[in-house]
Every structure is written in C-alpha cells, then in structure tokens.
Amino acid sequence: MNKLKKALGLFWMLLGPASVIFLFMQAYEKTGLAEAGADKTNTALQWGIILFIFIPISAGLVIFGYYALKGEYDQLPSEDSNL
Amino acid sequence: MSTEPKQNSIFKVIGASSLGTLIEWYDFYIFGSLAAVIGSQLFPADAGASALINTLAIFAAGFIVRPFGALVFGRLGDLIGRKHTFLLTLMLMGGSTFLIGLIPSYSSIGYAAPILVLILRLVQGLALGGEYGGAATYVAEHAPVNKRGFFTSWIQTTATGGLFLSLGVIVLTKNLLGADDFASWGWRIPFLLSILLVGVSIYIRLKMHESPMFTKLKAEGNVSKNPLKDSFSKKGNFKMVLLALFGATMGQGVIWYTGQFYAQSFLENTCKVDFNDSRYILLWGIAFATPFFVIFGSWSDRIGRKWIMLTGMLLGVIFYRPIYQVFLDDTNVAAVTQQDISEVSSPVIVRSALTNSADSLVTTTSRVTLLSGMSFTKVASYTKFADPAKAIVEAPEIYKDKVLSPAVFWKFVALIFFQILLVTMVYGPIAAFLVELFPTKIRYTSMSLPYHVGNGVFGGLVPFIATLIASFAGADPLSGLWYPIGIAAVGFVIGAIYLSNKKPDHGEDHEDLHREEGQIKYQEQN
C-alpha cells in the first residue's frame, strides 16, 4: 500500500497544475464568449474569483502529492503520534 | 482546574450549539431565498454596477469569505476559547442579517444600498466560516470519546434544519401579508426576525461553559500561541489538513450540494418540473433522510468514520447518472402519443409584434393531461413574417410546469431520499472525523479550513460548474454531473488509500476528561 501511496503522489502533483491550466483555458474562452458590457465584466469577475480560489487549492494538491511521494502518509498520527 | 461544566448535561451542550448553528444557516439561506426581492428593492433596475455588486455578494460570501472566516475565527477559538468565539460569530451573523433588513431601498439612498448589502453579506460569510468549527469542536470536546460521532451528528442536522426554517418563515410571511406587501416591505421580516432568534441563542450560549478540554489546556498553559503557524507551517499537522481536504471534505462537499441543491435545480430547470412539485419532492426526501445523520454519526462510533463516508462518495459516483437519467426519462413528454392523452385544455393564442419589425410571434399555450395523471403546459410558437413570400418559422415546442403523476412523484421522492441518504453518510460522521484528526490546541483552526474549502468551494460551486459543463459543445443534460462525480471519485481514491479508519491518537483522548472529572451527566442519564 505504501508503494501505491508514493506512486500516486506523482499523479496528484501533476493533477494540480493540469487543473489550473484547464481552468485558465475555460476562463479565457468563456470570458471571450460573453457579450460586451456588464455580462463580460461579470463573467470575468466570476472566473477571476474561481481562479483566485482554485490556484491555492491546486498548489495544495501539489504539496499533498509531494508529501505522498516522500512517504509522509505511510504512517498517520494514529500510528506514530508525530503531531 | 475548573469544573464549571458540572451543571451542563451533554444534551444542553448539543442543544445550545445546534440552535446557534441552525440560526446561522437560517440567516445565510434567507439571503439566497430572497435574492430576487432584495435585487428589486436594494439594487437599481438597470444592470451594470448593480449586477457586479450582486455577483460579488453571492460569489464572495459563498466561496472566498467562508475559508477566511475559518482562519480568522478558528485562530481566535484556539487562542481565547471555543465558547466566546462562537458567541462572536453568532452575534456577527445575527447583527448583519438584522441590518440587511433595515437597509433603505435603492430609491432612498442610491448605490449606498447595494454596497451596504455587499458589506453585510461579507460579514455573514465570515461568521459562517467561524461558526461551524466552533460548534463541532465544542460539542465533541464535551462528548465521551466513544460517542463523539453520535453527539456531533446533531450539529450536522442543522444545515438542513436552517434551510427548512428559512423556507418556512418566508412562506408563512408571504402567505400572511400577500404577495404585494411582501415584495414591498414584508421581505424584511425574515431578516429582522433573526435578531430574536439570535438573542435567544446568545442567552442560552452565555449560560454554557468553556469546553473541558480547552479549559484544561489553558490551565496547563498549553494553549497555542500562534494557531495559524502551528496548523499550517508544521508539516506534521499541515499534511493532515491536506488529507482532510482531499480525502474527505472535498468529496463530502460535492455529495452534499448535489443531493440537496443541484437535484432540485435539475428537476426545476432541466426537467421543467412544476415549482411546487420540485420543492415538495425535496422536502419529503429531506424529511425522511434527516434522521440518518444521527444514525450514521452513531454508527461511525462503532465501526469507524472512514468507510461510511467513502461508501457515500462511491455510491454517488455509481448512481448519480442512472438516477438523473430516470429524472429525464420520466419527465420526457415529447414522445407522448394521442393514446396517452386524457385531456387538452382550450389553447390560448397570443400574437405579439416583434421589436423593430412588422413580423409577429404567435404563441399557442395549452394544458395537457395524460392518462397517467401527469399534466404539463405545452407552448408552441412560430414567427409570422409580414412578407407573405417568407415561410413561417416554427420554434421547437416547449413543455413546462410538469405536475407529476402520484407514482412518478413518489418515485422521485425515493430517488431524492437516496441522494440525501448519501449526504447523511458523508456528512453525519464528518464533524467527529475532523475533530479527531487534530490536537485540541489547534483543532478549531485546523478543522475549519478544510471544512469550508470542501463545502464552500468544491460543494458551493456544484451548480455553477455543472451548468458550465452542460454548456460545452456536445454536452448533454447529464454532462454537468461529471463535476461532482469526478470530485467524489478523486476524494474516494485519496480517502481509501491514504485515510486510516483508526482514530488518530493525540494523547489527550485517552484521558476521557469528561468521565474522569464527572463533568458530563451523560452517563448518569444512560
């Protein structure tokens, strides 16, 4: 199980930036499709908020993956009381 | 060491905490339920800046501010204690809700009205971000270790209870005053009423005592000096914050919002089920399923939290598409034949001129009743051009306001019940799960952030992202479900592989403070 935890760590590290790139592409496309004026401003604002929120979360996923890769989750506090 | 909690039974603790949390949910939901009325009273009629502020109010409070509230009040709760912090969040929530009810209309004070709404809405979001963690921590720290799931599950029922209460007060006020008076000034009553509810809750909470675990920690001088730093800069704890988010609250958030919000939106907007029918279906589903919050919370005390929560996520991944396909199939009336129809009302034909044109739009509306008992409104329209050389252009027929047959109605209630049952599986044990993942001295801070990111961001964005996906080229009405299914699937995989079903051991739990000090009457009552 610990090997699987580590191997998947790499996947989570890649999933973080991939999701941010996907969100940027969607933001660009949907803002471009919105009608000029209030609609465009609102769409840009909504996507700005979504990116603002999801970029740190994606960074968190990368860190999670890094910890997994380094074996930090091989033993949880219930087993080693390292908190 | 203080033995103040002697006078409190665990049920008083649960009651006081749950009532306050329920009122906070009530306050948060009435804004959403009355958004249209607020928009007409406090925002200018034109779009532009008002729409911008409205968007900010809804998006910012729901998605940005809640996690910040978790950080601000979580830190405070770990520094000065749980009781005073969640008293503060309650006052902020109640005060801001009351003040929204007092804001003069846009016609009186102009743009100050929507700006004040935005500010007060942000305060609401901050307060909600701080409330839940405090209430869950407070109850868990009073509960016997082997009953934490059962006792904290009562807190978990309050989000649903708040939704019920807000809908009930709004419907009652509207029925008593009439639609016109309600739209004119009556909408303020549910906001103003909040101050009474909050007043009662503050009175009750003031009589409560600080949690025994925090009191002990304080007496020993072990309170964290910098909970934010201890929570997020120390790898040993930060890795658990990330695990809580990606392995539990992220999947829990999307299951919660899909079952309780997206389902109703799908029935109403995609399936075109009648306004009342879609709400009654949800209300019945919630009413039947709510006791399971407590059942699964209690069960998690015996078999562990992990697999109950993950089973809820997995069942959502497997069954969401089949369930929503049934919703679509059973409300699809486009293919009904003459043999299926029992009655068609006399058509109402309306001819309206098109703007800046001599052409006109002709709309024919009729009410169709089927032998099964289902009825719907059929709208057929075509454009008649002034130039007789141009052929008539028919628009696709629209079917709406579908009132379901009793058999389909109860079938849908069962399907909504099943979805909310999944909600109770993922949500019932999660407070106890989060509380047990972190040590007492930084518990409020550490558990609040993943909870509000999981629910406020991942869950709160279900309607927005699902609608967005459904708008992609080649998408079908079920495509939006890929968002909750994908997030729940990732959450399930991470949870299954990385979470432990054992309760993390922070040392303090072994002491079972409450029994040792005789502070809780739970044992006496049982």
Filter result for the condition that a residue is at pLDDT below 95, touching a helix residue (DSSP H, G or I) at 6+ places or on another chain (Cβ under 8 Å) and assigned by TED's automatic domain parsing to the domain that holds B:Thr258, over B:Phe327, B:Phe288:
B:Phe288
Would you confirm whether or not the range B:204-211 contains a residue that is of a type in the set (Val, Ile, Thr) and either more than 14 Å from every other protein chain (Cβ to nearest Cβ) or in contact with a His (Cβ under 7 Å, 6 or more places away or on another chain) (or both)?
yes
Pick from the range B:372-406, criterion of a type in the set (Ser, Thr, Tyr) and in contact with a Leu (Cβ under 7 Å, 6 or more places away or on another chain), ranking: farthest from B:Val350 (Cα to Cα):
B:Thr383
Would you mind stating whether B:Leu92 is in the same structural domain as B:Ala183 (by TED's automatic domain parsing), closer than 22 Å to B:Leu193 by Cα and surrounded by fewer than 24 Cβ atoms within 10 Å (Cβ to Cβ)?
yes
Could you please find all residues in the range B:156-177 being over 25 Å from B:Gly133 (Cα atoms) and either outside any helix (DSSP H, G or I) or free of Cβ contacts under 8 Å to residues at least 40 places away in the same chain (or both)?
B:Gly168, B:Val171, B:Leu172, B:Thr173, B:Lys174, B:Asn175, B:Leu176, B:Leu177
B:Phe418 - would you say it is at pLDDT 95 or above and over 30 Å from B:Leu499 (Cα atoms)?
no
Please find, among B:Ala496, B:Ala489, the residue that is farther than 14 Å from B:Ile430 by Cβ, more than 11 Å from every other protein chain (Cβ to nearest Cβ), modelled with pLDDT of 90 or more and out of contact with any strand residue (DSSP E or B) (no Cβ under 9 Å at 6 or more places or on another chain).
B:Ala489
Which of the residues spanning the range A:31-62 are more than 16 Å from B:Pro67 (Cα to Cα), more than 7 Å from chain B (Cβ to nearest Cβ), in contact with a helix residue (DSSP H, G or I) (Cβ under 6 Å, 6 or more places away or on another chain) and not aliphatic (A, V, I, L, M)?
A:Thr31, A:Thr43, A:Trp47
Only one residue in B:Leu217, B:Leu163 is of a type in the set (A, V, I, L, M) and touching a Lys or Arg at 6+ places or on another chain (Cβ under 7 Å). Which one?
B:Leu217
Scan the range B:227-274 residue by residue and report those that are over 21 Å from B:Pro67 (Cα atoms) and aliphatic (A, V, I, L, M).
B:Ala263, B:Leu267, B:Val273
Do we find a residue being crowded, with 23+ Cβ neighbours inside 10 Å and within 27 Å of B:Thr445 (Cα to Cα) anywhere in the range B:283-295?
yes
Qualifying positions in the range B:316-358 - exposed (fewer than 11 other Cβ atoms within 10 Å of the Cβ), among the hydroxyl-bearing types (Ser, Thr, Tyr) and part of a strand (DSSP E or B):
B:Ser352
Take the conditions assigned to a helix (DSSP H, G or I) and surrounded by fewer than 17 Cβ atoms within 10 Å (Cβ to Cβ) and apply them to A:Met13. Does it pass?
no
Would you be able to say whether some residue in the range B:443-464 is surrounded by 24 or more Cβ atoms within 10 Å (Cβ to Cβ), basic (Lys, Arg) and assigned by TED's automatic domain parsing to the domain that holds B:Asn276?
yes
Going residue by residue through the range A:63-79, is there one that turns out to be closer than 30 Å to B:Lys239 by Cβ, more than 9 Å from every other protein chain (Cβ to nearest Cβ) and of a type in the set (Gly, Ala, Ser)?
yes
So if I check each of B:Ala35, B:Ala16, B:Ala47, B:Ala57, which one is crowded, with 20+ Cβ neighbours inside 10 Å, at pLDDT below 80 and assigned by TED's automatic domain parsing to the domain that holds B:Ala219?
B:Ala57
So which of A:Ser58, A:Ser78, A:Ser19 is closer than 18 Å to B:Leu242 by Cβ and modelled with pLDDT under 85?
A:Ser78
Neighbours by Cβ (under 6 Å, 6+ apart or cross-chain): first from the range A:31-49, more than 18 Å from A:Val20 (Cα to Cα); second among the β-branched types (Val, Ile, Thr) and surrounded by 14 or more Cβ atoms within 10 Å (Cβ to Cβ)
A:Ala34/A:Thr43; A:Asn42/B:Thr55
Please report, ordered by residue number, the strands (runs of 3 or more DSSP E) entirely within the range B:359-426 with at least 1 residues that are out of contact with any strand residue (DSSP E or B) (no Cβ under 6 Å at 6 or more places or on another chain) and among the polar types (S, T, N, Q).
none
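The values are calculated or read from the model by the stated rules, or taken from the named source; none is laboratory data. Here the structure is a predicted model, which means the values were calculated and not measured. Note that we place each Cβ from the backbone using ideal geometry, even for glycine, and neighbour counts take in every protein chain shown.
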